[in-house]
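Notes follow the structure.
A short reminder: the numbers here are calculations on the coordinates, not readings from a lab. The shown structure was predicted, so the numbers you read here are calculated from the model rather than taken from an experiment. Every residue, glycine as well, gets a Cβ built from its backbone with ideal geometry; the counts of neighbours run over all protein chains shown.
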Amino acid sequence: MPTASVAKKSYRAPQRVTNRVGRRAPELIFGDLWAFDPAPESADPKLKARYDLFINGKFVAPKGGKYFDSINPANERKLAEIALAGLADVDAAYAAAQRAADGVWGKMPGRERAKYLYRIARLLQDRAREFAVAETLDGGKPIKESRDFDVPMAAAHFFYHAGWADKLEYVAPGRRVAPLGVVGQVIPWNFPLLMCAWKLAPALAMGNTVVLKPAETTSITALKLAEIFQDAGLPPGVVNFVTGAGDVGAAMMKHPTPAKIAFTGSTEVGKIIMRSLAGSDKKMTMELGGKAANIIFDDAPLDQAVEGIVNGIFFNQGHVCCAGSRLLVQEGIAEKVLAKLKTRIRTLRVGDPLDKNTDIGAINSREQLTKIRALVAAGVKEGCAIFQPECALPPSGFYFRPTIFSGVSMSSRVAREEIFGPVLSILTFRTVDEAIEKANNTAYGLSAGVWTDKGSRILKLSTELKAGVVWANTYNKFDPASPFGGYKESGFGREGGRQGLLDYCKLI
Ligand code: NAP
Ligand code: MG
């Protein structure tokens, strides 16, 4: 709902930009033309002042009695208190999950489990706006993303896996499948609710029970999802949420109970977990970092490509593992593409995430903002040309302007390291082989994008790029039926589709 104040808008026609010799540059300034009144989303997020742990179907106080604050990164104000789990709580959660696996969920026919998953999806749809607002308040992402992407996609994952639960014999034709038992899952802060759905839906459809830890800065929507589990009558212990920081995650991963560990987060932490589990017989899947290349050839539909590139890196403040953070552009069109990108990012609105017009919301935490600033400073120091549009940032909260680096070399830190912020690094190439070589010259391999008119080139690149997903003439498209996962240091295992289910079962 728009606010009551009706600010007088001053309309100015778009202005032509003239360069130093007085010639008209091909850029228009649209900022004033698209100055909207504030339009904050008004749904009530129904937040509690304090969130306890969710163990054995109930909200329970942590045994150590400690809580920590979850803040709204858009204004740094406290939103709620979250329980700080200790080792005894982790034990209790796994014990509940084991009882539920042995006593109810593992034995239940798939068609019955399907009904619960279906009910969860429907209840989530019923409360979609409330969840979208809670997600935006807690994590800082623009409401149009949590409303149009995160929440509907989370519901879609429960629906999709409800459809699988009574057809599990088709997951591995010719073999019988059985649940693994108890699964331990740890997720990051960039898609808090959606990552819950990605992790929980396939595990539950297969007949496993779960202990899950959300990220420290974004636990609220997981705990709201626990309310939905209660409303859906999900048997106690099937899903348990423990909240806290990295040490709680580490304790969960090392615990003797889970038969499988599923982790989504940074490559650095993924490596720590793998080291701690070396020699154990736990099954593992790792969804880790990325440094995706968007490759744009001179025959590509440029305006469409620019839109896709902007969406690929500035969507969700660049807090996306598969963000197209490197742009490889064919040399002949490099200047033209750069000019178009600059024009386009001048029109992006940075600010209040709850405003329906906002394109770039708040950076998730001060720590993440510091990390982005440091890497951008490194890019400047290395001599890359930086472009940031003029725009006023809110006085409090964590914000970062959309940023483009051009003239970037392969050895530059901004071309190699995951920035996890709204920062695009542009490199150039001349031939198809050079594009493939440069795109693959990274430790990561999560995703890539190809922009060209030629089908044969798309086929060649999708075969030769070492990335789990290759989008062609589009970017950031997701579907629960489509498996997602990495190559190299982006991890192993898949989430979504039949392949995702294979990672949650044993074959007999
Ligand atoms: P992170 O620091 O690795 O944290 C991820 C989760 O692990 C959080 O819940 C964190 O708790 C917990 N954690 C921290 N140390 C741990 C330890 N030693 N043992 C077990 N758990 C531990 O990652 P992040 O900064 O939250 O998320 C950003 C990263 O996730 C990026 O690298 C991104 O690419 C990656 N990601 C990958 C995918 C994918 O599908 N491949 C999807 C989304 C994000 P705290 O919150 O308390 O730190
Ligand atoms: Mg928060």
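Taking R0 as 41 Å, what's the FRET efficiency between L302 and D37 from their Cβ-Cβ distance, rounded to 0.05?
With R0 = 41 Å, the Cβ-Cβ based efficiency is 0.80.
Could you run the Debye sum over the Cα atoms of the chain, one equal point scatterer each and no solvent, and tell me log10 of I(q)/I(0) at q = 0.08, 0.11, 0.14 Å⁻¹, two decimals?
Log10 I(q)/I(0), no solvent term: -0.51, -0.94, -1.42.
Using the Karplus curve 6.51 cos²θ - 1.76 cosθ + 1.60 with θ = phi - 60°, work out ³J(HN,Hα) for each residue of the stretch 64-77 in order, rounded to whole Hz, and write x for Gly and Pro.
x, x, 9, 9, 10, 8, 10, 10, 8, x, 6, 9, 6, 8
For L327, what residues show an amide H to amide H distance below 5 Å, using hydrogens built from the backbone and excluding near sequence neighbours?
Residues meeting the amide H criterion: N294, S425, I426, L427.
Shape verdict for the stretch 337-405, please, from the Cα gyration tensor: rounded (a/c under 1.5), prolate (a/b greater than b/c) or oblate.
In terms of gyration-tensor shape, oblate.
Work out the charge dipole of the stretch 293-472 with +1 on the Cβ of Lys and Arg and -1 on the Cβ of Asp and Glu about the Cα centre, then indicate which of G351, I404, H319 is farthest towards its positive end.
The listed residue farthest towards the positive side: G351.
Give the percent of DSSP beta bridges with both residues in the stretch 293-472 that are antiparallel, rounded to the nearest 5.
Antiparallel bridges make up about 10 percent of those DSSP assigns within the stretch 293-472.
Non-local amide H neighbours of L446 (under 5 Å, H modeled in plane, Pro and chain starts lacking H): which ones?
Sorted by chain and number, the residues that satisfy this are K291, G468, Y487.
Treating the beta-carbon of each Lys and Arg as +1 and of each Asp and Glu as -1, no other charges, what is the dipole magnitude of the chain about its Cα centre, to the nearest 20 debye?
Values: 66 positive and 52 negative charges, 35 e Å.
The calculation lands at about 160 debye.
Of all DSSP beta bridges located in the chain, what percent are antiparallel, nearest 5?
40
Rounded to the nearest 0.05, what FRET efficiency do K460 and A378 give with R0 = 30 Å and r taken as the Cβ-Cβ distance? Could you check?
0.35
How much net charge surrounds M286 when only the other residues with a Cβ under 14 Å from the Cβ of M286 are counted, with Lys and Arg +1 and Asp and Glu -1?
Result for the local shell: +3.
Return the subset of K199/K342; K282/K477; K66/K254; K58/K283 for which the Cα-Cα distance in this structure is over 26 Å, preserving the input order.
Working: K199/K342 38 Å; K282/K477 32 Å; K66/K254 22 Å; K58/K283 28 Å.
Checking Cα-Cα distances, K199/K342; K282/K477; K58/K283 exceed 26 Å.
Given 0.36 nm per residue, what is the gain on full extension from A278 to A178 after removing their alpha carbon distance, in nm? Numbers along the way, then the final one.
On the way: separation 100, 0.36 × 100 = 36.00 nm, distance 2.45 nm.
Result for the pair: 33.6 nm of gain on full extension.
Whole-Hz Karplus ³J(HN,Hα) for the stretch 377-384, in order, using 6.51 cos²θ - 1.76 cosθ + 1.60 and θ = phi - 60°, x for Gly and Pro?
Couplings: 4, 5, x, 5, 4, 7, x, 6 Hz.
Quick one: net charge around P192, please, counting Lys, Arg +1 and Asp, Glu -1 for every other residue with C-beta under 9 Å from its C-beta.
Every neighbour counted, the sum reads -3.
Convert each backbone phi in the stretch 221-228 into a coupling constant with the Karplus relation 6.51 cos²θ - 1.76 cosθ + 1.60 (shift: θ = phi - 60°), then list the ³J(HN,Hα) values in order as whole Hz, x for Gly and Pro.
5, 5, 6, 6, 5, 4, 4, 5
D for the stretch 293-472, whole µm²/s, Stokes-Einstein with Kirkwood Rh over alpha-carbon pairs at 25 °C and 0.890 mPa s: what number?
For the chosen part, D equals 150 µm²/s.
Please list the non-local residues whose amide H lies under 5 Å from the amide H of V210, H modeled 1.01 Å from N, same-chain partners needing a gap of 5 or more.
V183, V239, N240
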